[in-house]
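Readers should treat all values here as calculations from the given coordinates under stated rules, not as data from a laboratory. Predicted model only: the values in this text are computed from it and were never measured. Backbone-built Cβ (ideal geometry, glycine too); neighbour counts: all protein chains shown.
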Amino acid sequence: MSFKVAIIGRPNVGKSTLFNRLAGKKLALVDDTPGVTRDRRVHPAKLYDLNFEVIDTAGFETAAPESLQGRMRQQTEIAIREADLVVFMVDARAGLLPDDKAFADIVRRAGKPVVLAANKSESRASEAGLLEAWEAGLGEPIPISAEHGQGMPDLRDAIVEALGEDRCFPDEHDDDDAPAESDVLVGEDISEAEAESEPAYDDTKPLRIAVVGRPNAGKSTLINALIGEERLLTGPEAGITRDSISVDWDWRGRQIKLFDTAGMRRKAKVQEKLEKLSVADGLRALKFAEVVIVVFDATIPFEKQDLQIADLIIREGRAPVIAFNKWDLIDTPQATLAELREKTERLLPQARGLRAVPISAETGRGLDRLMEEVVETHRVWNRRVSTGRLNRWLEGILAHHPPPAVAGRRLKIKYITQAKTRPPGFVVSCSRPDAMPQSYVRYLSNSLRDAFDMPGVPIRIALRASDNPYAGKARKR
């Protein structure tokens, strides 16, 4: 991207609405409640012929530095420092408020090129506010409506004028062949040629990791500790994170995209519309991830909601890893770790062998071990087993423990093959799929997991009836 644009203003002036319009998709949560956005979010943007990166920020508020609003303001000030241009937004319907003038002074002192945008200018009631915007001392206000898309050509011209054409249209162009953020395969079919081979794991490919858990488990603190900077807003208050924020990171030469998500409470407790939007945004991030780190609070682990979150990840087919956070608060680490691992095996049998790592996001303990387990789980999640090895294994299974007889007729299993990876999926050809007991399917799944070293990831088994070549043909007398 040629330059960065930060959208700045007090709460509820429409910053996230403009961010979504420039980004071309509804990424940031939008609501009439002031102060929805808390973390800064960066995304590629396009405005007609301009290509740049846009930064969504929290609303400027006057507050003590140690308060939540004060920490949000610090994140916004970081965005101003990172940006090449600032779009300062005011609400044309409300007019210029004292806070607008105070924050305009801060932006002016930053010394960055500024474009003054008077949002919500679609109605006649905004004309007085548009004139008042001149008092901000940031030049001519550009009337726009981020919600309806009005005034975008004028905004484009103002950006070009503020930065200059040389900066807006550099000679070199970015590579447009990079995959879009949503181009993610959640399951890969295996061709016939690949079915007989077991390709090596490629540890150079980018990895997408979502961090999920209950509120105040330490998800944002964990991501800040991993990347080594205060990128995400943290604090003692529960439920700080609202938007799902993606952060790019390099770990041992491998490109990783980390997704921070809002804390997920029990569904019955989620009443407010804003929290419902936050949780929905987190679930969307979970579906796009490959590995999901489930953060448990080690002081109160295995709450019912923890187990439901882990079960959701397994049902979605993601590769889960448990992080027992706040380990620095545990007085008897050895005994507690043994107890937690026993509970993991007992309470989450659907992904037997689930990897669980004790960490402290506050002190940085266990983070390298956590990432090593994440990569190893991803390796297993991508594993392919050749058809030959699978059927040799199946012969031993059928000789040792054949399927039971149902209604006096024995079930026959003919062969097995792997049809998908991410997660591993297998097709079993048998005589009567609808009559096969689920207990025997679980036995096959657990035996597969043990025989081919696939701990801690979901395994899918589909039962198929083999084709009858004589079906549909009349018997000749």
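The simple Förster model, with R0 at 45 Å and r as the Cβ-Cβ distance, assigns ARG252 and ASP467 a FRET efficiency of 0.40. Working note: Cα atoms of the chain, range along each principal axis, descending, whole Å: 94, 66, 42. Please list, or write none, the aspartates and glutamates whose alpha carbon is within less than 14 Å of the alpha carbon of LYS326, excluding same-chain residues fewer than 8 places away. Partners found: ASP297, GLU362.
You can think of it this way: the chain between ARG284 and LYS414 has 42.9 nm of extra reach, that is 0.36 nm per residue less the Cα-Cα gap. Based on DSSP loop calls and a cut-off of at most 15 other Cβ atoms within 10 Å, the longest stretch of the chain free of exposed GluC sites (Glu not before Pro) is what? Segment 304-477 is the longest. For ASP202 and HIS401, the difference between the fully extended length at 0.36 nm per residue and the C-alpha to C-alpha distance is 68.0 nm. Look at the dipole of the chain built from charges on Cβ: of VAL321, PRO458, MET264, the Cα furthest out on the positive end belongs to PRO458. Projecting each Cα onto the charge dipole of the chain (Lys/Arg +1, Asp/Glu -1 at the beta carbon, about the Cα centre), which of ALA79, LEU138, VAL30 comes out farthest on the positive side? Highest projection toward the positive end goes to VAL30.
Taking a straight line from the alpha carbon of LYS15, these lysines sit under 21 Å away, with near neighbours fewer than eight places off in the same chain left out: LYS4, LYS25, LYS26, LYS46, LYS101, LYS112, LYS120, LYS273, LYS276.
Dividing the summed -39500 (n - 2.57) terms of all DSSP H runs of n ≥ 4 by the residue count of the chain sets its mean residue ellipticity at 222 nm at -10000 deg cm²/dmol. For the chain, averaging the sequence separation of C-alpha pairs within contact (under 8 Å, six or more residues apart) and dividing by the residue count gives a relative contact order of 11 percent. The order of HIS400, HIS148, going from fewest to most other C-beta atoms within 10 Å of their C-beta, is HIS400, HIS148. Considering only the Cα atoms of the stretch 4-168, their convex hull presents on average a projected area of 8.6 nm². The loop-placed trypsin sites (Lys or Arg not before Pro) in the stretch 1-31, going by DSSP, that have at most 16 neighbouring Cβ atoms within 10 Å of their Cβ come out as LYS25, LYS26. In order along the stretch 14-19, phi translates into HN-Hα couplings of x, 5, 5, 5, 5, 4 Hz, rounded to whole numbers, per the Karplus curve 6.51 cos²θ - 1.76 cosθ + 1.60 with θ = phi - 60° and x for Gly and Pro. Exactly which trypsin sites (Lys or Arg not before Pro) in the stretch 263-315 are in a DSSP loop and have at most 16 other Cβ atoms within 10 Å? Sites meeting the loop and neighbour criteria: ARG265, ARG266.
The residue among LEU411, LEU444, THR421 whose Cα reaches farthest toward the positive pole of the charge dipole of the stretch 377-460, with charges on the beta-carbon of Lys, Arg, Asp and Glu, is THR421. Charging the Cβ of each Asp and Glu at -1 and of each Lys and Arg at +1, and nothing else, the dipole of the chain about its Cα centre rounds to 3540 debye.
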